[in-house]
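Data block below; observations after.
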Amino acid sequence: MKSKKSIFFFEFSILFTVIVLGITGCSSKDKKSDSDSDLTLRAQSEKRFKEIEWTDPIEKDRLTQNISTTQTIADTIKLTPVIFLCSNYAKTIEPVYPNLDGFGNLDVSGIPDEIKLSVTSFSENLCTGSANDELMMAGSIYELALFETDLKNEWKKVFLEDFPSAPEDKNSKEGESKEKAEKEGEGRETSEPAEPEKPKYVFESYIIGNGFEQNSLYELPVRFKCSKGLVDVMLYYYRESVNWKINQIKILRMEAKNE
């Protein structure tokens, strides 16, 4: 009986040892498999990284350049925007002008002085609902009339309201008081009264854009803005003799404001 128990324990010990060795072997195999997998992924990553074609850095020199000082400002002076603008170095830098989407650049530095005066006069007159025939080229005055007609017709379609009418004339009331003042001031020296400024009832403001010159022609865009939206106009100037005159006026765009 004793021998049978010994044999049983001996067989159980052998079985237990086999099971433990089997579990240990599987765990070791799994760890080795994970390690091989990690090595494989690392190798693949390194391979792909080496195959990437990297581009050269843009403006590499500027990325490493020290911009805290300039040649015309001493190192002991702290560089600020105000000091930089006051320095001689700032005067040598070409200015950067803003752009308006759908309109263009706002650089007006190259526009001839005569055209600047003309386009300013035209724009001021249009804002106040008046016109100046003297700005037009001889034989092209009808272009101004056609432009005004087109503007009034399109105004209703785009802005969904009638073209603005001139404000009520107050000259009649002012004339009576002026006449009375003149009678009372007879025999005394009086200064010439300043002409009252015309109200801007059509457009509130305008922006002059960058022009384009070719031979004796000059194209100049102007954007007019009102409470209802905007109107882009192109003025075509032609050098008549020695003077620049408007030869054609074209509406480029009318857009209502989103409300």
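Ranking request for peptides 41-51, 137-147: highest mean number of other beta-carbon atoms within 10 Å first, then the rest in descending order. Provide the component values of the computation, followed by the final result.
Details: 41-51: 9.1, 137-147: 14.3.
Order by mean packing, descending: 137-147, 41-51.
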Original post:
Could you give me the ³J(HN,Hα) list for segment 132-147, computed from phi with Karplus coefficients 6.51, -1.76, 1.60 and θ = phi - 60°, whole Hz, x at Gly and Pro?
Top reply: 10, 5, 5, 7, 8, 6, 4, x, 10, 5, 4, 4, 5, 5, 5, 4
Subject >> Inter-site label distance for Tyr201 and Ser227 at 7 Å from Cα along Cβ, in nm >> reply: 1.3 nm
**OP:** Calculate one ³J(HN,Hα) per residue across segment 213-230 by plugging θ = phi - 60° into the Karplus curve 6.51 cos²θ - 1.76 cosθ + 1.60, and present them in order as whole Hz with x for glycine and proline.
**Re:** 10, 8, 6, 9, 10, 9, 9, 9, x, 9, 9, 9, 10, 9, 5, 8, x, 9
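Provide the gained length on full extension for the span Leu252 to Lys157, in nm with one decimal, where the gain is 0.36 nm per separating residue minus the Cα-Cα distance.
Values: separation 95, 0.36 × 95 = 34.20 nm, distance 1.51 nm.
In short, 32.7 nm is gained.
Taking the Cβ-Cβ separation of Asp75 and Gln214 as r and a Förster radius of 45 Å, what is the calculated FRET efficiency to the nearest 0.05?
Working: r = 49 Å, r/R0 = 1.08.
So the FRET efficiency works out to roughly 0.40.
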Original post:
Applying 1/(1 + (r/R0)^6) with R0 = 51 Å to the Cβ-Cβ distance of Leu146 and Ile52, what FRET efficiency is obtained, to the nearest 0.05?
Top reply: 0.20
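Only the coordinates and a few stated rules stand behind these numbers; no lab work does. Keep in mind that this is a model prediction, so the values were computed, not measured. Here Cβ is always computed from backbone atoms with ideal geometry, including for glycine, and neighbour counts include all displayed protein chains.
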